[in-house]
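Have a look at the structure below before the remarks.
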Amino acid sequence: MRFPVVVEMQNGHFVASLAGVPNLSVVEATRAQAIAALKAELQRWIERGELLALEVETIGVSDLAGLFSDDPTLREICEQAYQIRDAEI
């Protein structure tokens, strides 16, 4: 598995943290040590719990995204709109 990691220098030390998870971070003297320590902490973190990918239901107009992507009429409407737009420019 791959995880996005942020490595920053703060007060002369390297802080490595899992992007989006502020409570999962380590502070070490070198960049390499910080990355290794974060990897070890992440492994312990996963062993203590369960890592899941959750599907979240969309709300409102987000449900419509891609709904008409295969509709040939939509392509015609888009082409007409582009022609009108280009004529106005």
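Read-outs: derived from the displayed coordinates by stated rules, not from any lab. Computed from a prediction, not measured in an experiment: that's the story for all the values here. Because the Cβ atoms are built from the backbone with ideal geometry, glycine has one as well, and the counts that use them run over all protein chains shown.
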Within 10 Å of each residue's Cβ, count the other Cβ atoms and sort SER25, SER17, SER69 from fewest upward.
SER69, SER25, SER17
Identify, among GLY12, MET1, LEU38, the residue whose Cα sits farthest towards the positive end of the charge dipole of the chain, taking +1 on the Cβ of Lys and Arg and -1 on the Cβ of Asp and Glu, with the dipole about the Cα centre.
GLY12
Would you kindly derive the ³J(HN,Hα) couplings of segment 76-87 from the backbone phi angles with the Karplus curve 6.51 cos²θ - 1.76 cosθ + 1.60 (θ = phi - 60°), listing them in order in whole Hz, with x for Gly and Pro?
4, 4, 4, 4, 5, 5, 5, 5, 5, 4, 5, 5
Answer with a single label: of (1) 1.23; (2) 0.92; (3) 1.34, which was calculated as Rg/Rh (Cα atoms, Kirkwood Rh) from the structure in view?
(3)
Calculated diffusion of segment 5-48, Stokes-Einstein form, Kirkwood radius summed over Cα pairs, 10 °C and 1.306 mPa s, µm²/s:
156 µm²/s
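Assigning unit charges at the beta carbon (Lys, Arg +1; Asp, Glu -1) and nothing else, what dipole magnitude in debye, to the nearest 20, does the chain show about its Cα centre?
Rounded to the nearest 20 debye, it is 760 debye.
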Segment 5-48, relative contact order in percent, only Cα pairs under 8 angstrom and at least six apart counted
30 percent
Contact order relative to length of the chain, as percent, for alpha carbon pairs under 8 angstrom and 6 or more apart:
15 percent
